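Read the structure below first, then the notes.
The values are calculated or read from the model by the stated rules, or taken from the named source; none is laboratory data. Everything numeric here is computed off the predicted structure, so don't read it as measured data. Here Cβ is always computed from backbone atoms with ideal geometry, including for glycine, and neighbour counts include all displayed protein chains. We work out accessible area using only protein heavy atoms, side chains counted, and drop any ligands, DNA or RNA first. Shrake-Rupley method; radii C 1.70, N 1.55, O 1.52, S 1.80 Å.
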Amino acid sequence: MLVGLDAGSTAAKIVKFENHRLKGYRIVESHRWKELVKNLRADEIFSTGYFRKNVPHRQAITEITSAIYGVRHYFSDVDVITDIGGQDTKVIDLNTNRFLLNDKCSAGTGAFLELVANYFSIPLEKLGTMHFKAKKIAEINNTCGVFALSEMISQLVKGYKIEEVIAGMHYAFARRISELVPADSENIVLIGGVVKNKGVVTALSDILSKTLKIPKEPQIINAIGAAKYGLEIMKREGGKGR
Ligand code: ADP
């Protein structure tokens, strides 16, 4: 057995591979990562993510490498990977080998969506479905943490419904992300936990006027990539039975 462990800033993800096949995965809050590696030996683990060096590992792999390996597991045509995680958004342009990172004032990160969900007592998973109930979109310009929140509140005071304000927030969020994506890129793949929010995805697709590719479970792609990279290394080293 070989595992990919993505020790991310917000969530820890593990994927298990047996005989080159994905056998299962688990996602927990990042501080609970130890639960994922119980009964595993360090030499079975290829780690990635923000805390990749803080967890047991045979090799720690950067998030850029793991994202590329993980996305290629699902898609052969890829120009740009956009990874929207808990604390930052990363854009990898495979054609130019450029890498962009946005980690400023929670703009365009999962932490911002969590702040909004907590403040309005809406389960995080419901933000996406609320988006599609909006009959109009409230204008939100700021995505910088508390400033965006106060803008959302003032739109509610003016009479917009909560779903219209949430939809407006998703558009503001997506605008922030779209600024990082190269304008002429064709095959854009979205990964990361935030991509489970269909409101964000729809807003981003609208703004970019592009169809976006999304793997079935976008939050485990870097863990899959770390495992795939590990499988390649083991093969090169002549490892058997993995
Ligand atoms: P990291 O690797 O930085 O820890 P992840 O890619 O695991 O980040 O994404 C974590 C973020 O995903 C959380 O901040 C949360 O906002 C978002 N998220 C996780 N599950 C869902 C869900 N079901 N719906 C919407 N957002 C989600």
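Summary table below
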quantity: By average C-beta atoms within 10 angstrom, highest first, the peptides 173-181, 1-9; calculated: 1-9, 173-181
quantity: Between helix 162-178 and the chain: long-axis angle, C-alpha atoms, 0 to 90°, nearest 10; calculated: 50 degrees
quantity: Rounded tilt (10° steps) of 63-74 against the dominant C-alpha axis of the chain; calculated: 90 degrees
quantity: Percent carbon-and-sulfur accessible area, segment 109-222, ignoring ligands, DNA and RNA, probe 1.4 Å; calculated: 54 percent
quantity: Sequence of ILE153, ILE137, ILE45, ILE122 from largest to smallest accessible area, 1.4 Å probe; calculated: ILE137, ILE153, ILE122, ILE45
quantity: Proximal lysines relative to LYS235, as straight alpha-carbon distance under 20 Å, when same-chain residues fewer than 8 apart are discounted; calculated: LYS16, LYS23
quantity: Cross-link partners of LYS126 among aspartates and glutamates (Cα-Cα below 12 Å; sequence separation of 8 or more within a chain); calculated: GLU114, GLU163
quantity: Segment 7-14 - phi-based ³J(HN,Hα) in whole Hz, Karplus 6.51/-1.76/1.60, Gly and Pro as x; calculated: 8, x, 5, 10, 10, 9, 10, 10
quantity: Spatially proximal aspartates and glutamates relative to LYS161 (Cα-Cα < 14 Å; intrachain offsets below 8 disregarded); calculated: GLU139, GLU151
quantity: Average accessible surface area per residue within the chain, 1.4 Å rolling probe, Å²; calculated: 49 Å²
quantity: Net charge of neighbours whose Cβ lies under 13 Å from the Cβ of SER66, counting Lys and Arg as +1 and Asp and Glu as -1; calculated: +1
quantity: Solvent exposure, largest accessible area first (probe 1.4 Å, DNA, RNA and ligands not counted), of ASP184, ASP93, ASP77; calculated: ASP184, ASP77, ASP93
quantity: Cross-link pairs LYS13/LYS213; LYS90/LYS158; LYS38/LYS90 - those with Cα-Cα distance over 28 Å; calculated: LYS90/LYS158; LYS38/LYS90
quantity: Helix axis angle, 110-119 relative to the chain longest principal axis, alpha carbon, degrees; calculated: 50 degrees
quantity: Relative contact order %, the chain, counting alpha carbon pairs below 8 Å whose residues are six or more apart; calculated: 25 percent
quantity: Distance between segment 98-172 and segment 181-242 - C-alpha centres, whole angstrom; calculated: 24 Å
quantity: Relative contact order (%) - segment 1-75, alpha-carbon pairs under 8 angstrom, separation at least six; calculated: 28 percent
quantity: Taking the C-alpha atoms of the chain, convex hull volume expressed per residue in Å³; calculated: 118 Å³
